[in-house]
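The values are calculated or read from the model by the stated rules, or taken from the named source; none is laboratory data. Please read all numbers here as calculations on a predicted model, not as lab measurements. Heads up, the Cβs are rebuilt from the backbone with ideal geometry, glycines too, and the neighbour counts pull from every protein chain shown. Protein only, heavy atoms only, side chains kept; ligands, DNA and RNA dropped before computing areas. Shrake-Rupley method; radii C 1.70, N 1.55, O 1.52, S 1.80 Å.
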Amino acid sequence: AVLGRSTFCCFALSMLPLALLSLAAAPPPPVSPPLPPSAPLQNCTIVSSDDGDATDGEGSLVQIIDEAGTFLAESEAGLRVALQCGLQSGRANIRIPAQTTINLTSALEVDGSLAAEAELPVINISGGGGAAIDAQGRSGVLFASRVSLYVRGLRIANGNQGCVRLYRTLARFEDVSVEGCKTPGNGGGFFIEHSQVAFERVLIRHCVAAQNGGGVVLTGSGSLVALHSSIAHCSAGSYEESALFYFGGGGLAAEHSALFMAHTNITDCRVHSRTNSYGGGAYLTSTYSRFKSVKIGRCSARSPDGLAAGAGLSVKSIAGDRMNFLRANVSRHSYWREVPPFTDELRDDLSGISWRELANDSDVGSWRAAEEPWLLDAYDLEVVDCAAEGLYAYGGCIDYVDASDASEHRDVSKKGEPTDVPFKAIRLAALSLIGCKASGAAFAGGGGISIYSRGLVQIHNAHVANTAAEILPAQDVPAQDIGVNFHGLALGGGFLVQLAFTSILNSAFDTCEAISTSPALDQTVAGGGIAAYEATTRLKNVNVTSCAARLEGTPGALGRYTGTGAVSGGVHMASGLGLFENGVLLSKSQVIGRRTVFDGLAAPLSPPNQLYVYGVVGTLIWVLPTLRGRWLPSVYLCSEFREPCLENQRTTCNASAQPILSDPGCPRDPKYGLSMDGKYVSLGVSGAYDAETLPYLCNAGCYGNLTKPMKQNTGTCTGLCPAGNYCPTPGTVDPIICPAGSWCPEGSIFPRVCDAGYFSNQTGNSKRDQCEPCPPGFYCQISSSYPSPCDAGYYSDRNQSRTSSCFRACPEGYYCPTGTAQPIECPANTYRGMVGARNESDCEPCRPNMESKNGSSVCHFEACPAGNYSRNGKYGATPGATCKRCQKGTF
């Protein structure tokens, strides 16, 4: 047993009650006891065919309201008469008036085996708005056997032996609600055995089964088609002491049957027991199922002393003659097209899914598998906010277990001959698992989904987020229990897979956690996103981001399991084979808590944040090409090499027929259709991968825009960043063109800026001399893409000015507007006695009797005009001083 679960499962399954499951070689006993015999039919006389009445031997009456012989039943007695008449005549149309509630004193028993005709009697029961049949907690409501039954527009309520039991019946329920039903056995709302049943717009709520299937039990090679229906607030199981070893199916439990659900919800359902609980929403055992647009939400599976699995959905596959027979029957008769009754809408739902395209997308052809249907085939399945809590907990959202070896499954296309290839287990497409948790005191695995199988598993376009596998504090937890010798182990916060051949494609796991809050000494948490054990696991275009392995307790010494402590925040792989293809990305995950002791080493190791590989060489193989901007080490081409012919065998040896040499990096196994021939691979080695992200990012200053394998084998990737471009961060895909005002030589991590006094208005410069000197009248600070004009009041009459004040301030007698290369003279008869004039208005006018020339910093007094004189021949400097006129006799 990889994790001890094989021994545990075998023991658990051997104790399952015959009510839902039989592993014995001999034919199993009936799943349910036969219906109690009906009272002998009385004489049913139709008085008239038009507005007449009918009577039984006791004189009870029921009105006939139309020519078709429709019975109008307004009372329990009338309804019973109508049913008896239908069984006797082979057909009855029964209508219950609107707003009429028929209260029962005992269950309605409709047994077609007592009918006079050989064919199944046809019973149609319909109700007007608000019509109801209520057992008032006294009995069951409707027990039907060997009839064709159509029920429409009714509320069926408050049965205390379950509400509806169907045995070897063809039935259709439309616009029906079944509520408030309970049973001390199986199937609180419906118990369907050896019957083919269809639901359309059926609501099942507040139903309880003390054993299995709070809402519905489907068993005995029967079938159920559910469209636009809902199962809500139903529960199964009991905390009381019981001989039963397990309980399953809070909402629905099915075994050895076929189930199709479309546009159907299962919400707020639960299964609780002290022993083992499976499938809070639905529990499917060896049942071929196909889902489309199904939502399971807020469901729980709890078992404080045992195992809780699949809080949303629990699926089991059990080998044996009965399972093989059903598998062959489904394949041979194209079951999904022929099961009655099929509506046009259901056919559209089936044809609307391109199952063939899904198969092609997953490269299923490269993985050999038995030619048979998938046990569970789901498209657009959503499971949210579900919780599995127990001593051992598996699958917060979904749990799948195959309780047999692969060799026990047969390929029916080869006439039942045993094959040695995996059978088709489950295929989940457009899957959403959000907010689920598996919480155990001793073990927790697969917060989102847990798979234990030797079959083929395919998951497409999945989003798994905010899920957790959590070890909770608990007292008096045994060190060994049911053959399990580990204590305090949390694996796969998002996904746990054991043994299976698993393909996960185009999917994302984020904010998932494997966590322990237990104070126990021997604690291990591994694989915050994904944990795989002895499985062949193929990831293609899968992202695992922001996940964590978190240890809040105290790890002890080296434990019985791989080690103690926290390890593998992203992905944990132990043995088996991992194939990582195309766009696999592991990033931003981390290990939180104590450092880890692993692999028998005495010294603690650094916790691997993204990935830990435990096993031999060849446990992990990355297949190239990988994502752009990333690289992987030691890339080589897988080729077919054969043993050479010996020297003395040259004439007898056929070189092309020699055995193929084994290469751990290039696995090939024709049995499973697995081959790496012609592919480039990077062989992962055992140990910790503690990079911030995997695959590794191309070096800064390099770029990786090619997906050619030999351009993804070193940190330089495609090459150095080309001249005229820069590659600023690790993982650059496309180089960024060097911006204006800078230059970028080859291999640039960042642009080199033009010096102060220089500029460049061109992008893509690769040399410093492509930065031009700043022209006169302008200045250029560092990294300038365009020259900036000198500030007003300053000028620059030379190149390479570096600041806004340029070369110098504008001199006296001049003014310098913005962008001045040469100062401008103040006009005549104005002056500027200070530096820094910004415009002509800064030049001040000369006072009266004063003058100046262009570019003057001061004004001078004017000369006395002819015929006048003064001491110095000019107007005086004192205010009011004037020139005097020449006296007579002078000039």
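Quick check, is CYS864 touching a residue at least 12 places away in the same chain (Cβ under 8 Å), open to solvent by less than 40 Å² (accessible area, probe 1.4 Å) and farther than 30 Å from ALA809 by Cβ?
For CYS864, the condition - touching a residue at least 12 places away in the same chain (Cβ under 8 Å), open to solvent by less than 40 Å² (accessible area, probe 1.4 Å) and farther than 30 Å from ALA809 by Cβ - is met.
Within region 429-455, can you find the residues that are open to solvent by less than 10 Å² (accessible area, probe 1.4 Å), assigned to a strand (DSSP E or B) and polar (S, T, N, Q)?
Result: SER439, SER450.
Could you count how many residues in region 199-223 are on the phi > 0 side of the Ramachandran plot and not in a loop (DSSP other than H, G, I, E, B)?
Looking only at that region, the number is 1.
ALA132 passes all but one of (1) open to solvent by less than 20 Å² (accessible area, probe 1.4 Å); (2) on the phi > 0 side of the Ramachandran plot; which number fails?
(2)
Check whether at least one residue in region 743-755 is in contact with a Phe, Trp or Tyr (Cβ under 8 Å, 6 or more places away or on another chain), closer than 24 Å to SER804 by Cβ and open to solvent by 70 Å² or more (accessible area, probe 1.4 Å), and report yes or no.
Yes, region 743-755 contains at least one residue that is in contact with a Phe, Trp or Tyr (Cβ under 8 Å, 6 or more places away or on another chain), closer than 24 Å to SER804 by Cβ and open to solvent by 70 Å² or more (accessible area, probe 1.4 Å).
Please go through region 532-557 and give me each residue that is part of a loop (DSSP other than H, G, I, E, B) and either at pLDDT below 85 or open to solvent by less than 50 Å² (accessible area, probe 1.4 Å) (or both), ordered by number.
Within region 532-557, ALA535, CYS547, GLU552, GLY553, THR554, PRO555, GLY556, ALA557 qualify.
Against the definition (in contact (Cβ under 8 Å) with a residue 12 or more places away in the chain, farther than 19 Å from GLY312 by Cβ and either out of contact with any Leu (no Cβ under 7 Å at 6 or more places or on another chain) or not β-branched (Val, Ile, Thr) (or both)), how does HIS206 come out, yes or no?
Yes; evaluated as a whole, the condition is true for this residue.
For region 265-289, name all the residues that are of a type in the set (S, T, N, Q), open to solvent by 10 Å² or more (accessible area, probe 1.4 Å) and not in a strand (DSSP E or B).
The answer is THR275, and nothing else.
Mind checking which pairs have a first residue in region 815-828 that is within 14 Å of SER801 (Cβ to Cβ) and a second that is among the aromatic types (Phe, Trp, Tyr) and open to solvent by 30 Å² or more (accessible area, probe 1.4 Å), Cβ under 8 Å, 6 or more apart or different chains?
If the second residue must be among the aromatic types (Phe, Trp, Tyr) and open to solvent by 30 Å² or more (accessible area, probe 1.4 Å), the pairs left are CYS816/TYR794; GLY819/PHE778; THR820/TYR794.
Restricting attention to region 732-741, does a residue exist that is without any contact (Cβ under 8 Å) to a residue 12 or more places away in the chain, open to solvent by 30 Å² or more (accessible area, probe 1.4 Å) and either touching a Leu at 6+ places or on another chain (Cβ under 8 Å) or part of a strand (DSSP E or B) (or both)?
Within region 732-741, one or more residues are without any contact (Cβ under 8 Å) to a residue 12 or more places away in the chain, open to solvent by 30 Å² or more (accessible area, probe 1.4 Å) and either touching a Leu at 6+ places or on another chain (Cβ under 8 Å) or part of a strand (DSSP E or B) (or both).
Given the options LYS292, LYS316, name the one that is surrounded by fewer than 24 Cβ atoms within 10 Å (Cβ to Cβ) and assigned to a strand (DSSP E or B).
LYS292
Could you list, in sequence order, all residues of region 167-198 that are assigned to a strand (DSSP E or B), within 16 Å of LEU259 (Cα to Cα) and open to solvent by less than 10 Å² (accessible area, probe 1.4 Å)?
Of everything in region 167-198, those that are assigned to a strand (DSSP E or B), within 16 Å of LEU259 (Cα to Cα) and open to solvent by less than 10 Å² (accessible area, probe 1.4 Å) turn out to be ALA171, PHE173, PHE190, PHE191, ILE192, GLU193, VAL197, ALA198.
Conditions (1) loosely packed, with under 14 Cβ neighbours inside 10 Å; (2) at pLDDT below 80, marked per residue:
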position: SER639; (1), (2): yes, yes
position: PRO644; (1), (2): yes, yes
position: GLU647; (1), (2): yes, yes
position: ARG650; (1), (2): yes, yes
position: PRO667; (1), (2): no, yes
position: MET676; (1), (2): no, yes
position: VAL681; (1), (2): no, no
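Given ALA301, ALA311, which one is within 30 Å of the chain's Cα centre (by Cα), modelled with pLDDT of 90 or more and part of a strand (DSSP E or B)?
Result of the check over ALA301, ALA311: ALA301.
Could you tell me which of the residues ALA262, ALA226 is buried (at least 22 other Cβ atoms within 10 Å of the Cβ), touching a helix residue (DSSP H, G or I) at 6+ places or on another chain (Cβ under 7 Å), in a strand (DSSP E or B) and among the hydrophobic types (A, V, I, L, M, F, W, C)?
That would be ALA262, the only listed residue that is buried (at least 22 other Cβ atoms within 10 Å of the Cβ), touching a helix residue (DSSP H, G or I) at 6+ places or on another chain (Cβ under 7 Å), in a strand (DSSP E or B) and among the hydrophobic types (A, V, I, L, M, F, W, C).
Filter region 495-506 down to the residues that are at pLDDT below 95, within 18 Å of THR545 (Cβ to Cβ) and either of a type in the set (A, V, I, L, M, F, W, C) or open to solvent by less than 10 Å² (accessible area, probe 1.4 Å) (or both) and list them by number.
ILE504, LEU505
Only one of ARG560, ARG594, ARG628 is in a loop (DSSP other than H, G, I, E, B), on the phi < 0 side of the Ramachandran plot and either modelled with pLDDT of 90 or more or open to solvent by less than 20 Å² (accessible area, probe 1.4 Å) (or both). Can you tell me which?
ARG628
Being at pLDDT below 95 and touching a Pro at 6+ places or on another chain (Cβ under 8 Å) narrows it down to one of ARG410, ARG427, so name that one.
Being at pLDDT below 95 and touching a Pro at 6+ places or on another chain (Cβ under 8 Å) holds for just one of ARG410, ARG427, which is ARG410.
Does region 767-788 contain any residue that is part of a loop (DSSP other than H, G, I, E, B), among the aliphatic types (A, V, I, L, M) and surrounded by fewer than 17 Cβ atoms within 10 Å (Cβ to Cβ)?
yes
Can you tell me which residue in region 385-400 is surrounded by the most Cβ atoms within 10 Å (Cβ to Cβ), limited to those that are part of a loop (DSSP other than H, G, I, E, B) and of a type outside the set (Gly, Ala, Ser)?
By that ranking, first place goes to CYS397.
Hey, can you tell me all the residues within region 838-876 that are touching a Cys at 6+ places or on another chain (Cβ under 8 Å) and on the phi > 0 side of the Ramachandran plot?
GLY855, GLY867, GLY873
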